[in-house]
Amino acid sequence: SAGQTLRAQGWYRDPAAPGQTNLSNALQFTLCNGSGETIPPVISVCATSATVSTGASNCVGVVPDFRSQVVAVDNCTAVSIVQTPPPGATVGIGTIPIVLRARDAFQNAVTCSTTLTVVDAVAPVISFCPAVSLAANANCQAILPNFLPGVVATDACSLPVTMTQSPMPGT
(Lines give C-alpha, C1' and ligand atoms only; values in the text may rest on other atoms or scores of the structure.)
Protein backbone atom coordinates (compact mmCIF):
# COMPACT_ATOMS: atom_id res chain seq x y z
CA SER A 1 0.00 0.00 0.00
CA ALA A 2 1.07 3.64 -0.32
CA GLY A 3 3.91 4.65 1.91
CA GLN A 4 5.37 1.15 2.21
CA THR A 5 8.98 0.53 1.24
CA LEU A 6 9.95 -2.35 -1.05
CA ARG A 7 13.53 -3.60 -1.36
CA ALA A 8 14.71 -5.72 -4.31
CA GLN A 9 17.92 -7.18 -5.63
CA GLY A 10 18.52 -8.74 -9.03
CA TRP A 11 21.01 -11.34 -10.15
CA TYR A 12 22.50 -12.08 -13.52
CA ARG A 13 24.89 -14.60 -15.08
CA ASP A 14 27.81 -13.65 -17.29
CA PRO A 15 27.61 -15.98 -20.34
CA ALA A 16 31.34 -15.71 -20.92
CA ALA A 17 32.04 -17.02 -17.44
CA PRO A 18 29.80 -20.10 -16.90
CA GLY A 19 28.97 -20.76 -13.32
CA GLN A 20 29.57 -17.16 -12.26
CA THR A 21 26.58 -15.36 -10.82
CA ASN A 22 26.64 -11.69 -9.86
CA LEU A 23 24.21 -9.76 -7.67
CA SER A 24 23.20 -6.21 -8.46
CA ASN A 25 23.18 -3.44 -5.90
CA ALA A 26 20.06 -3.45 -3.77
CA LEU A 27 17.23 -1.16 -4.88
CA GLN A 28 14.69 0.50 -2.62
CA PHE A 29 11.27 1.67 -3.82
CA THR A 30 8.71 3.71 -1.95
CA LEU A 31 5.16 3.06 -3.12
CA CYS A 32 2.96 6.07 -3.83
CA ASN A 33 -0.62 6.29 -5.02
CA GLY A 34 0.03 9.18 -7.38
CA SER A 35 -2.62 11.86 -7.62
CA GLY A 36 -4.79 10.20 -4.97
CA GLU A 37 -2.04 9.87 -2.37
CA THR A 38 -3.48 10.83 1.03
CA ILE A 39 -0.67 10.18 3.50
CA PRO A 40 0.48 13.45 5.12
CA PRO A 41 4.13 14.28 5.84
CA VAL A 42 5.55 13.55 9.28
CA ILE A 43 7.08 16.31 11.42
CA SER A 44 9.78 14.91 13.68
CA VAL A 45 11.11 18.26 14.97
CA CYS A 46 9.14 21.51 15.34
CA ALA A 47 10.69 24.94 15.85
CA THR A 48 11.62 26.16 19.33
CA SER A 49 10.02 29.23 20.90
CA ALA A 50 11.80 32.56 20.52
CA THR A 51 11.82 36.05 22.01
CA VAL A 52 12.45 39.27 20.10
CA SER A 53 12.53 42.91 21.19
CA THR A 54 10.58 45.77 19.71
CA GLY A 55 12.47 48.26 17.59
CA ALA A 56 14.05 51.31 19.18
CA SER A 57 11.45 53.63 17.67
CA ASN A 58 8.34 51.46 17.34
CA CYS A 59 6.26 49.00 19.30
CA VAL A 60 6.43 45.97 17.01
CA GLY A 61 8.66 42.96 16.65
CA VAL A 62 9.72 41.29 13.41
CA VAL A 63 8.78 37.60 13.04
CA PRO A 64 11.90 35.46 12.44
CA ASP A 65 12.00 32.54 10.01
CA PHE A 66 11.19 29.36 11.98
CA ARG A 67 10.92 27.12 8.88
CA SER A 68 14.55 26.00 8.83
CA GLN A 69 14.14 24.45 12.29
CA VAL A 70 11.32 22.13 11.18
CA VAL A 71 12.26 18.57 10.19
CA ALA A 72 9.53 17.00 8.07
CA VAL A 73 9.57 14.08 5.63
CA ASP A 74 7.12 12.49 3.23
CA ASN A 75 7.46 9.04 1.70
CA CYS A 76 6.42 10.15 -1.77
CA THR A 77 7.26 13.78 -2.50
CA ALA A 78 9.26 16.77 -1.35
CA VAL A 79 7.85 18.73 1.58
CA SER A 80 7.37 22.49 1.72
CA ILE A 81 7.06 24.40 5.01
CA VAL A 82 4.77 27.42 5.33
CA GLN A 83 4.81 29.69 8.39
CA THR A 84 1.94 31.83 9.74
CA PRO A 85 2.51 34.70 10.41
CA PRO A 86 5.21 34.72 7.71
CA PRO A 87 8.88 35.61 8.30
CA GLY A 88 9.40 39.37 8.25
CA ALA A 89 5.85 40.22 9.36
CA THR A 90 5.53 42.73 12.18
CA VAL A 91 3.56 41.85 15.31
CA GLY A 92 2.73 43.68 18.53
CA ILE A 93 3.99 43.14 22.06
CA GLY A 94 2.97 39.88 23.71
CA THR A 95 3.03 36.16 22.98
CA ILE A 96 2.07 35.22 19.44
CA PRO A 97 1.39 31.66 18.23
CA ILE A 98 3.41 30.61 15.19
CA VAL A 99 1.91 27.80 13.06
CA LEU A 100 4.19 25.77 10.80
CA ARG A 101 2.54 23.64 8.11
CA ALA A 102 4.38 20.85 6.27
CA ARG A 103 2.71 20.13 2.91
CA ASP A 104 3.50 17.51 0.27
CA ALA A 105 2.95 17.78 -3.50
CA PHE A 106 -0.53 16.23 -3.14
CA GLN A 107 -1.57 18.96 -0.65
CA ASN A 108 -1.56 16.59 2.33
CA ALA A 109 -0.51 18.64 5.35
CA VAL A 110 0.36 18.44 9.01
CA THR A 111 1.05 21.29 11.43
CA CYS A 112 3.05 22.04 14.53
CA SER A 113 3.23 25.25 16.50
CA THR A 114 5.57 27.29 18.64
CA THR A 115 5.44 30.77 20.19
CA LEU A 116 7.08 34.11 19.61
CA THR A 117 7.28 36.54 22.52
CA VAL A 118 7.73 40.22 21.66
CA VAL A 119 9.06 42.32 24.55
CA ASP A 120 9.03 46.10 24.90
CA ALA A 121 12.52 47.51 24.31
CA VAL A 122 11.42 51.15 24.18
CA ALA A 123 12.26 52.92 27.44
CA PRO A 124 9.71 55.24 29.06
CA VAL A 125 10.37 58.98 28.96
CA ILE A 126 10.08 61.23 32.03
CA SER A 127 8.94 64.66 30.84
CA PHE A 128 8.48 66.28 34.26
CA CYS A 129 9.94 65.53 37.67
CA PRO A 130 8.98 67.91 40.53
CA ALA A 131 11.61 69.57 42.66
CA VAL A 132 10.80 70.19 46.32
CA SER A 133 12.64 72.06 49.07
CA LEU A 134 12.23 70.62 52.57
CA ALA A 135 13.00 72.16 55.93
CA ALA A 136 15.00 69.96 58.26
CA ASN A 137 13.84 69.34 61.83
CA ALA A 138 15.95 69.82 64.97
CA ASN A 139 17.82 66.57 64.22
CA CYS A 140 18.81 67.87 60.75
CA GLN A 141 16.43 65.45 59.05
CA ALA A 142 13.36 65.79 56.85
CA ILE A 143 10.64 63.31 55.99
CA LEU A 144 10.72 62.49 52.30
CA PRO A 145 7.41 63.20 50.54
CA ASN A 146 5.85 61.07 47.82
CA PHE A 147 7.12 62.56 44.54
CA LEU A 148 5.31 60.07 42.27
CA PRO A 149 1.99 61.95 41.86
CA GLY A 150 3.88 64.90 40.32
CA VAL A 151 5.99 62.87 37.88
CA VAL A 152 4.89 62.86 34.25
CA ALA A 153 6.14 59.81 32.32
CA THR A 154 5.03 58.20 29.09
CA ASP A 155 5.90 55.04 27.22
CA ALA A 156 4.88 54.66 23.60
CA CYS A 157 4.55 50.88 23.90
CA SER A 158 3.44 50.02 27.42
CA LEU A 159 0.59 51.66 29.25
CA PRO A 160 0.37 52.55 32.04
CA VAL A 161 3.92 53.39 33.10
CA THR A 162 4.84 51.82 36.43
CA MET A 163 6.95 54.07 38.66
CA THR A 164 8.73 53.59 41.96
CA GLN A 165 10.50 56.03 44.28
CA SER A 166 13.77 55.38 46.06
CA PRO A 167 14.23 56.13 48.92
CA MET A 168 10.65 55.39 49.84
CA PRO A 169 8.27 58.22 50.83
CA GLY A 170 8.11 58.71 54.57
CA THR A 171 11.75 57.88 55.23
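The values are calculated or read from the model by the stated rules, or taken from the named source; none is laboratory data. Predicted model, so just to flag it, every value in this text is computed and none were measured. Because the Cβ atoms are built from the backbone with ideal geometry, glycine has one as well, and the counts that use them run over all protein chains shown. Areas reflect the complete protein model, heavy atoms only, side chains present, ligands, DNA and RNA absent. Shrake-Rupley method; radii C 1.70, N 1.55, O 1.52, S 1.80 Å.
Quick look at the numbers
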| quantity | calculated |
| --- | --- |
| Between segment 107-171 and segment 82-104, the Cα center-to-center distance that results, in Å | 32 |
| Label-point separation in nm, ALA153 to SER166, each point 7 Å along Cα→Cβ | 1.2 |
| Accessible area (Å², per residue) of segment 36-171, counting only protein heavy atoms and a probe of 1.4 Å | 61 |
| 10 Å-binned pair-distance histogram of segment 25-143 (Cα, whole percent) | 12, 27, 19, 13, 10, 7, 5, 4, 2, 1, 0 |
| Interchain or long-range residues, amide H under 5 Å from ILE96's placed H | LEU116, THR117, VAL118 |
| Accessible surface of segment 97-160, 1.4 Å probe, proportion on carbon and sulfur as whole % | 60 |
| Full-stretch length increase - THR84, ASN58 - with 0.36 nm per residue and alpha-carbon distance subtracted | 7.2 nm |
| FRET efficiency estimate (nearest 0.05) - Cβ-Cβ, GLN69 to ASP120, R0 25 angstrom | 0.45 |
